[in-house]
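Visitor: Have a look at this one before I ask anything.
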Amino acid sequence: MADYHSTGIARNISYKVLFDVYYNDAYSNLSIKKHFNALKKDEDKALATNIIFGTIKKDIFLSEVVKKLSSVDYDKIKPEIQVILKAGIYQLYFMDRVPAYAVVNDCVNLAKLFVSNKTGSFVNAVLRNAIRRKKEFENIKNDSDIPLWLTIYLSRFYDDVFLQTMEEDFLKSPDMFVRVNKLKSAPQDVYEELNREEKICEATFMPDVFKALKPSAVLNNELMKNCTISVQDISAALCAYALGAQEGDSIIDLCASPGGKSLHIASLTGNKAEITACDIYKHKIEFMKNIFKCFGADIEVIKNDAEEYCEEFYEKFDKVLLDAPCSGLGVIRRKPEILLRLSQQDIQNLIKMQESMLKNAAKYVKKGGVLLYSTCSINPEENELQIRKFLNDNNEFSLEDIVFPEKFYDNIDISSKGEIKLYSHEFFGDGFYICKLVKS
Ligand SMILES: C[S@@+](CC[C@H](N)C(=O)[O-])C[C@H]1O[C@@H](n2cnc3c(N)ncnc32)[C@H](O)[C@@H]1O
């Protein structure tokens, strides 16, 4: 077990990340990247990771408990203190290997450090109350962690068994996968190098993707720093294969940042396809230019709004990839903060955005060319129903069989012609939708 000093540091960093996530709209993975440098020991990183993801995933329960235990109205509790209390109660109720006195002590110190001495006493009172009244909350501890509106919305498409399994899966930690940049090294050489001193990754059915057995060792490996490998989920890595890019193809990736799929296409085609990567945000464009350079990928980067029609792109590309902005309902295990922010209105706005992007994307495909549409969502309205509507309005397009290397078929259930629906409770990776359309 970590000593008092190090748990103090882990809790301090967890607080910073959680505050960023709850009140600065940060993504947990990016905030972790920013703050985790302060943690030197693996055990501290593990403790902080557990506190961060556990607190966010159990938010509905923890908010309820704080409301019941606090003498002050929930809305009147300072945001900093709400975060400290939720994280504290998470540790007291869900982590049996951390001593209660250390949790209370560290949370009180965090309140004093980040807010005021007075709030330290309040935190102390609420957490001691939480220890005393723990049994009272046993019966609601395992209630749904998915917002009610979302369960009702998804129940239009999925049965109770599916939704129950999805909920159970939400609480699990996803595996980390890395993809080899074949522009720099052969997968077999990379595999041997990564496992040279100890086994830190294992092969998957995808020749250029490995599962990390020791994620921090993989992340700290020199091959990660010099852009020979990068983190990419195995579901997302299917897109470049599904696109079926060939040498000499002209390809546009309309929503490309941070560039994972464009890089994979460059890697699979050995830089011999003409790839254009677009995004709407200037800072993301600059990011991609730098990352593509590091990977040795020959990719043109253009700032473009996929919702606006661009005349210059008309029937210019053999292959168009639209990896559309989506609700992210397939990646909530990895980015649980999605559930803190998403509303039904957001989903409706995203569906409209995807529809207008698809309309433009269709115009950029050459006759005989391919339009590959993907999302990291499991919401049929963003996926198959979106595509049904598209096919109704665009009769020059039809679904086309997705052709993978032979070995893939034992591992992927191709739901229907031209479509793959992946669910994280059934597949190795994230929830994902991929659809291949061809223009006549
Ligand atoms: C799902 S992510 C793409 C992930 C990327 N394809 C990859 O594999 O790394 C969607 C991207 O669409 C971009 N985006 C959002 N609105 C856009 C728009 N109107 N035009 C172009 N890109 C947009 C976002 O900046 C975001 O990076």
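Visitor: Every residue in segment 281-290 that is over 22 Å from residue 236 (Cα atoms) and within 10 Å of the ligand (Cβ to nearest atom), please.
Guide: 283, the sole residue that qualifies.
Visitor: Ok, one more. Just wondering, is there one or more residues in segment 89-106 that are of a type in the set (Val, Ile, Thr), assigned to a helix (DSSP H, G or I) and either at positive phi or open to solvent by 50 Å² or more (accessible area, probe 1.4 Å) (or both)?
Guide: Checked segment 89-106: no residue is of a type in the set (Val, Ile, Thr), assigned to a helix (DSSP H, G or I) and either at positive phi or open to solvent by 50 Å² or more (accessible area, probe 1.4 Å) (or both).
Visitor: Quick one: count up the residues across segment 132-157 that are surrounded by 15 or more Cβ atoms within 10 Å (Cβ to Cβ) and of a type in the set (A, V, I, L, M, F, W, C).
Guide: The number of residues fulfilling the criteria is 5.
Visitor: Contact list please: Cβ distance under 7 Å, first residue in segment 210-221 and within 14 Å of residue 36 (Cα to Cα), second residue surrounded by fewer than 18 Cβ atoms within 10 Å (Cβ to Cβ), pairs at least six apart or on different chains.
Guide: If the second residue must be surrounded by fewer than 18 Cβ atoms within 10 Å (Cβ to Cβ), the pairs left are 216/42; 216/45.
Visitor: Within segment 71-85, which residues are crowded, with 23+ Cβ neighbours inside 10 Å and over 13 Å from residue 16 (Cα atoms)?
Guide: 85
Visitor: Out of 272, 293, report the one residue that is in a helix (DSSP H, G or I) and either within 13 Å of the ligand (Cβ to nearest atom) or in the same structural domain as residue 376 (by TED's automatic domain parsing) (or both).
Guide: It is 293.
Visitor: Could you grab me the full set of residues in segment 243-262 that are more than 19 Å from residue 301 (Cβ to Cβ) and either open to solvent by 30 Å² or more (accessible area, probe 1.4 Å) or within 13 Å of the ligand (Cβ to nearest atom) (or both)? Break it down stepwise before answering.
Guide: Filtering segment 243-262 for residues more than 19 Å from residue 301 (Cβ to Cβ) gives 244, 246-248.
Listed by number, the residues that qualify are 246, 247, 248.
Visitor: Can you find a residue that is within 8 Å of the ligand (Cβ to nearest atom), surrounded by fewer than 23 Cβ atoms within 10 Å (Cβ to Cβ) and in a loop (DSSP other than H, G, I, E, B) anywhere in segment 307-319?
Guide: Within segment 307-319, one or more residues are within 8 Å of the ligand (Cβ to nearest atom), surrounded by fewer than 23 Cβ atoms within 10 Å (Cβ to Cβ) and in a loop (DSSP other than H, G, I, E, B).
Visitor: Considering only residues that are free of Cβ contacts under 8 Å to residues at least 60 places away in the same chain and β-branched (Val, Ile, Thr), look in segment 110-141 and name the one that is farthest from residue 46 (Cα to Cα).
Guide: The qualifying residue farthest from residue 46 (Cα to Cα) is 119.
Visitor: Out of the strands (runs of 3 or more DSSP E) lying entirely within segment 137-232, which hold 1 or more residues that are more than 19 Å from the chain's Cα centre (by Cα)?
Guide: The qualifying strands (runs of 3 or more DSSP E) are 177-180, 201-203.
Visitor: For segment 391-440, give me the residue count where each residue is in contact with an Asp or Glu (Cβ under 8 Å, 6 or more places away or on another chain), under 18 Å from residue 366 (Cα atoms) and not basic (Lys, Arg).
Guide: Summing the residues that are in contact with an Asp or Glu (Cβ under 8 Å, 6 or more places away or on another chain), under 18 Å from residue 366 (Cα atoms) and not basic (Lys, Arg) in segment 391-440 gives 5.
Visitor: OK, next. Could you list, ordered by first residue, the pairs with Cβ atoms under 7 Å in which the first is in segment 82-109 and aromatic (Phe, Trp, Tyr) and the second is crowded, with 19+ Cβ neighbours inside 10 Å, at least 6 apart or interchain?
Guide: Close Cβ pairs satisfying both conditions: 90/51; 90/54; 90/55; 90/58; 90/62; 94/54; 94/58.
Visitor: What pairs come out if I take residues in segment 297-310 that are assigned by TED's automatic domain parsing to the domain that holds residue 272 and aromatic (Phe, Trp, Tyr) and pair them with residues that are at pLDDT 95 or above and away from the ligand (no atom under 12 Å from the Cβ) whose C-beta lies under 9 Å away, six or more apart or interchain?
Guide: 309/359; 309/363
Quick grid of which residues meet (1) closer than 22 Å to residue 428 by Cβ; (2) at pLDDT 95 or above; (3) open to solvent by 10 Å² or more (accessible area, probe 1.4 Å):
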site: 336; (1), (2), (3): yes, yes, no
site: 342; (1), (2), (3): no, yes, yes
site: 348; (1), (2), (3): no, yes, yes
site: 370; (1), (2), (3): no, yes, yes
site: 375; (1), (2), (3): yes, yes, no
site: 387; (1), (2), (3): no, yes, no
site: 400; (1), (2), (3): no, yes, yes
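Visitor: Another one. Looking only at segment 402-440, how many residues end up being assigned to a loop (DSSP other than H, G, I, E, B), within 28 Å of residue 348 (Cβ to Cβ) and open to solvent by 50 Å² or more (accessible area, probe 1.4 Å)?
Guide: Result for segment 402-440: 3.
Yes/no matrix, rows are residues, columns are (1) within 13 Å of the ligand (Cβ to nearest atom); (2) out of contact with any Gly (no Cβ under 7 Å at 6 or more places or on another chain); (3) among the hydroxyl-bearing types (Ser, Thr, Tyr); (4) under 21 Å from residue 256 (Cβ atoms):
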site	(1), (2), (3), (4)
329	yes, no, no, no
335	yes, no, no, yes
357	yes, yes, no, yes
377	yes, no, yes, yes
386	no, yes, no, yes
393	no, yes, no, no
404	no, yes, no, no
417	no, yes, no, no
421	no, yes, no, no
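The values are calculated or read from the model by the stated rules, or taken from the named source; none is laboratory data. What you see is a predicted model, and the numbers here were worked out from it, not measured in a lab. Glycine gets a Cβ as well: all are built from the backbone with ideal geometry, and neighbour counts include every protein chain shown. Only protein heavy atoms, including side chains, enter the accessible area calculation; ligands, DNA and RNA are left aside. Shrake-Rupley method; radii C 1.70, N 1.55, O 1.52, S 1.80 Å.
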